[in-house]
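Student: Right, I'll just put the structure down here and ask away after.
The values are calculated or read from the model by the stated rules, or taken from the named source; none is laboratory data. Not measured: the values here are computed from a predicted model. Cβ sites come from the backbone with ideal geometry, for glycine too, and all protein chains shown count toward neighbours.
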Amino acid sequence: MIEIRLGSAEDADAIAHVRRESWFAAYEGIIAAPVIDRATAPGAVPLAPPPYRRTMVAVGGARPAIVGYASFGPERIVATAFPSPPSPDDGRPAPAGDLTPGGRAGHVAELYALYVTPAWWSTGTGRALMGSVLAALEAERYRRVVLWVLADNARARRFYERAGFATDGGTNILTGLGGVLELRYTRTF
(Lines give C-alpha, C1' and ligand atoms only; values in the text may rest on other atoms or scores of the structure.)
Protein backbone atom coordinates (compact mmCIF):
# COMPACT_ATOMS: atom_id res chain seq x y z
CA MET A 1 0.00 0.00 0.00
CA ILE A 2 1.19 3.53 -0.81
CA GLU A 3 0.75 6.59 1.36
CA ILE A 4 1.11 10.02 -0.26
CA ARG A 5 2.01 12.90 2.04
CA LEU A 6 3.64 16.31 1.87
CA GLY A 7 7.40 16.13 1.93
CA SER A 8 9.50 17.89 4.53
CA ALA A 9 13.12 18.93 5.01
CA GLU A 10 13.70 15.66 6.89
CA ASP A 11 12.93 13.77 3.65
CA ALA A 12 15.79 15.35 1.66
CA ASP A 13 18.21 12.40 1.87
CA ALA A 14 15.55 9.86 0.92
CA ILE A 15 14.38 12.03 -1.98
CA ALA A 16 17.98 12.39 -3.21
CA HIS A 17 18.35 8.59 -3.09
CA VAL A 18 15.16 8.07 -5.14
CA ARG A 19 16.30 10.71 -7.62
CA ARG A 20 19.73 9.14 -8.12
CA GLU A 21 18.44 5.58 -8.42
CA SER A 22 15.64 6.50 -10.81
CA TRP A 23 17.88 8.68 -13.01
CA PHE A 24 20.33 5.82 -13.57
CA ALA A 25 17.47 3.46 -14.50
CA ALA A 26 15.30 5.86 -16.53
CA TYR A 27 18.03 7.68 -18.43
CA GLU A 28 20.34 4.78 -19.28
CA GLY A 29 21.17 5.12 -22.97
CA ILE A 30 19.79 8.67 -23.04
CA ILE A 31 22.23 10.54 -20.77
CA ALA A 32 25.81 9.35 -20.27
CA ALA A 33 26.36 7.64 -16.90
CA PRO A 34 29.12 10.09 -15.80
CA VAL A 35 26.75 12.99 -16.46
CA ILE A 36 24.00 11.31 -14.41
CA ASP A 37 26.53 10.62 -11.66
CA ARG A 38 27.53 14.29 -11.55
CA ALA A 39 23.94 15.58 -11.73
CA THR A 40 22.71 13.33 -8.93
CA ALA A 41 25.77 13.43 -6.67
CA PRO A 42 25.34 14.71 -3.11
CA GLY A 43 25.20 18.50 -3.26
CA ALA A 44 24.15 18.61 -6.94
CA VAL A 45 20.69 19.86 -5.94
CA PRO A 46 20.43 22.98 -3.77
CA LEU A 47 19.62 22.20 -0.15
CA ALA A 48 17.11 25.04 0.14
CA PRO A 49 14.57 24.86 -2.70
CA PRO A 50 12.75 28.04 -3.71
CA PRO A 51 9.84 28.85 -1.38
CA TYR A 52 7.22 28.21 -4.05
CA ARG A 53 8.31 24.58 -4.62
CA ARG A 54 6.25 21.92 -2.92
CA THR A 55 6.97 18.22 -2.72
CA MET A 56 4.81 15.17 -2.15
CA VAL A 57 6.36 11.84 -1.27
CA ALA A 58 5.14 8.28 -1.71
CA VAL A 59 5.80 6.03 1.27
CA GLY A 60 5.52 2.27 0.91
CA GLY A 61 6.92 -1.12 1.78
CA ALA A 62 6.96 -3.49 4.75
CA ARG A 63 9.38 -1.10 6.43
CA PRO A 64 7.80 2.15 5.26
CA ALA A 65 10.23 4.26 3.26
CA ILE A 66 10.05 6.96 0.62
CA VAL A 67 9.81 5.23 -2.76
CA GLY A 68 8.89 8.21 -4.93
CA TYR A 69 8.32 11.94 -4.97
CA ALA A 70 6.86 14.72 -7.05
CA SER A 71 7.75 18.41 -6.83
CA PHE A 72 5.59 21.13 -8.30
CA GLY A 73 4.59 24.78 -8.13
CA PRO A 74 4.10 27.77 -10.40
CA GLU A 75 5.49 27.60 -13.94
CA ARG A 76 9.12 28.69 -14.24
CA ILE A 77 10.85 30.42 -17.13
CA VAL A 78 13.15 28.00 -18.92
CA ALA A 79 16.66 29.33 -19.42
CA THR A 80 18.17 27.79 -22.52
CA ALA A 81 21.79 28.11 -23.53
CA PHE A 82 23.03 30.81 -21.18
CA PRO A 83 25.16 29.46 -18.33
CA SER A 84 25.12 32.65 -16.28
CA PRO A 85 22.16 34.84 -15.39
CA PRO A 86 21.60 37.63 -17.91
CA SER A 87 21.43 41.23 -16.91
CA PRO A 88 17.87 42.57 -16.77
CA ASP A 89 18.16 44.65 -19.93
CA ASP A 90 20.14 42.49 -22.33
CA GLY A 91 17.13 40.76 -23.91
CA ARG A 92 18.22 37.20 -23.14
CA PRO A 93 15.93 34.73 -21.37
CA ALA A 94 15.69 34.98 -17.60
CA PRO A 95 17.55 32.41 -15.52
CA ALA A 96 15.70 29.22 -14.58
CA GLY A 97 13.84 29.68 -11.33
CA ASP A 98 12.13 32.92 -12.27
CA LEU A 99 8.40 32.48 -12.77
CA THR A 100 6.41 33.06 -15.95
CA PRO A 101 3.62 35.65 -15.84
CA GLY A 102 1.10 32.77 -15.74
CA GLY A 103 3.03 31.17 -12.91
CA ARG A 104 3.18 34.40 -10.92
CA ALA A 105 -0.56 34.95 -11.45
CA GLY A 106 -1.43 31.44 -10.25
CA HIS A 107 -2.84 30.34 -13.62
CA VAL A 108 -0.11 27.98 -14.88
CA ALA A 109 1.53 25.34 -12.70
CA GLU A 110 4.52 23.14 -13.45
CA LEU A 111 5.32 19.59 -12.43
CA TYR A 112 9.06 19.99 -11.86
CA ALA A 113 9.85 16.35 -11.16
CA LEU A 114 8.16 13.00 -10.61
CA TYR A 115 10.42 10.06 -9.84
CA VAL A 116 9.79 6.60 -8.42
CA THR A 117 12.50 4.17 -7.44
CA PRO A 118 12.71 1.43 -10.12
CA ALA A 119 11.65 -1.36 -7.74
CA TRP A 120 8.30 0.45 -7.44
CA TRP A 121 7.73 1.11 -11.16
CA SER A 122 4.39 -0.21 -12.49
CA THR A 123 2.90 -0.47 -8.99
CA GLY A 124 0.59 2.56 -9.18
CA THR A 125 3.00 4.72 -7.18
CA GLY A 126 3.55 7.21 -10.01
CA ARG A 127 -0.18 7.39 -10.71
CA ALA A 128 -0.88 8.04 -7.01
CA LEU A 129 1.69 10.84 -6.92
CA MET A 130 0.35 12.35 -10.14
CA GLY A 131 -3.23 12.19 -8.89
CA SER A 132 -2.29 13.94 -5.63
CA VAL A 133 -0.39 16.69 -7.45
CA LEU A 134 -3.19 17.29 -9.95
CA ALA A 135 -5.79 17.38 -7.16
CA ALA A 136 -3.72 19.94 -5.22
CA LEU A 137 -3.23 22.15 -8.30
CA GLU A 138 -6.87 21.96 -9.29
CA ALA A 139 -7.93 22.86 -5.73
CA GLU A 140 -5.69 25.93 -5.99
CA ARG A 141 -7.56 26.87 -9.19
CA TYR A 142 -4.67 26.57 -11.61
CA ARG A 143 -6.00 26.50 -15.17
CA ARG A 144 -3.15 24.56 -16.75
CA VAL A 145 -0.12 22.50 -15.76
CA VAL A 146 3.04 21.95 -17.81
CA LEU A 147 5.98 19.59 -17.48
CA TRP A 148 9.18 18.86 -19.36
CA VAL A 149 10.22 15.32 -20.35
CA LEU A 150 13.19 14.01 -22.31
CA ALA A 151 12.17 13.32 -25.90
CA ASP A 152 13.86 9.90 -25.82
CA ASN A 153 12.19 8.81 -22.55
CA ALA A 154 9.37 6.80 -24.12
CA ARG A 155 8.24 5.25 -20.82
CA ALA A 156 7.76 8.64 -19.15
CA ARG A 157 6.07 10.10 -22.21
CA ARG A 158 3.51 7.26 -22.22
CA PHE A 159 2.93 7.80 -18.49
CA TYR A 160 2.25 11.53 -18.94
CA GLU A 161 0.03 10.96 -21.97
CA ARG A 162 -2.08 8.48 -19.96
CA ALA A 163 -2.42 11.21 -17.30
CA GLY A 164 -3.97 13.56 -19.86
CA PHE A 165 -0.90 15.54 -20.95
CA ALA A 166 -0.05 16.26 -24.59
CA THR A 167 2.94 17.89 -26.27
CA ASP A 168 2.38 21.55 -27.05
CA GLY A 169 5.36 22.23 -29.32
CA GLY A 170 7.71 23.62 -26.65
CA THR A 171 11.26 22.27 -26.73
CA ASN A 172 14.48 22.85 -24.84
CA ILE A 173 18.03 21.53 -25.16
CA LEU A 174 19.66 20.57 -21.86
CA THR A 175 23.26 21.41 -22.64
CA GLY A 176 24.41 20.56 -19.11
CA LEU A 177 23.13 16.99 -19.55
CA GLY A 178 24.88 16.34 -22.84
CA GLY A 179 22.60 18.21 -25.22
CA VAL A 180 19.48 16.08 -24.74
CA LEU A 181 16.18 17.38 -26.09
CA GLU A 182 13.22 17.81 -23.80
CA LEU A 183 9.61 18.40 -24.81
CA ARG A 184 6.97 20.41 -23.02
CA TYR A 185 3.70 18.70 -22.20
CA THR A 186 0.51 20.51 -21.11
CA ARG A 187 -2.75 19.57 -19.46
CA THR A 188 -5.69 21.87 -18.76
CA PHE A 189 -8.16 21.62 -15.89
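Student: Strands (runs of 3 or more DSSP E) wholly in the range 101-189 with at least 3 residues that are over 24 Å from His17 (Cβ atoms) - which ones?
Tutor: Working: elements: 108-116, 144-150, 166-174, 180-188.
Hits in the range 101-189: 144-150, 166-174, 180-188.
Student: Inspect all residues belonging to the range 76-89 and state whether any of them is out of contact with any Leu (no Cβ under 8 Å at 6 or more places or on another chain) and at pLDDT 85 or above. Give the derivation first.
Tutor: First pass over the range 76-89, keeping only residues out of contact with any Leu (no Cβ under 8 Å at 6 or more places or on another chain): 78-89.
Add one more test, that the residue is at pLDDT 85 or above, and what stays is none.
No, the conditions are met nowhere in the range 76-89.
Student: Could you tell me whether Ser22 is of a type in the set (S, T, N, Q), over 15 Å from the mean Cα position of the chain (by Cα) and either closer than 16 Å to Pro64 by Cβ or modelled with pLDDT of 95 or more (or both)?
Tutor: Details: of a type in the set (S, T, N, Q): yes; over 15 Å from the mean Cα position of the chain (by Cα): no; either closer than 16 Å to Pro64 by Cβ or modelled with pLDDT of 95 or more (or both): yes.
Criteria not met by Ser22.
Student: Restricting to the range 8-57, count the residues that are polar (S, T, N, Q) and out of contact with any strand residue (DSSP E or B) (no Cβ under 8 Å at 6 or more places or on another chain). It would help to see each step written out before you state the result.
Tutor: In the first step, residues of the range 8-57 are kept if they are polar (S, T, N, Q); the result is 8, 22, 40, 55.
So of that shortlist, the ones also out of contact with any strand residue (DSSP E or B) (no Cβ under 8 Å at 6 or more places or on another chain) come out as 8, 40.
Summing the residues that are polar (S, T, N, Q) and out of contact with any strand residue (DSSP E or B) (no Cβ under 8 Å at 6 or more places or on another chain) in the range 8-57 gives 2.
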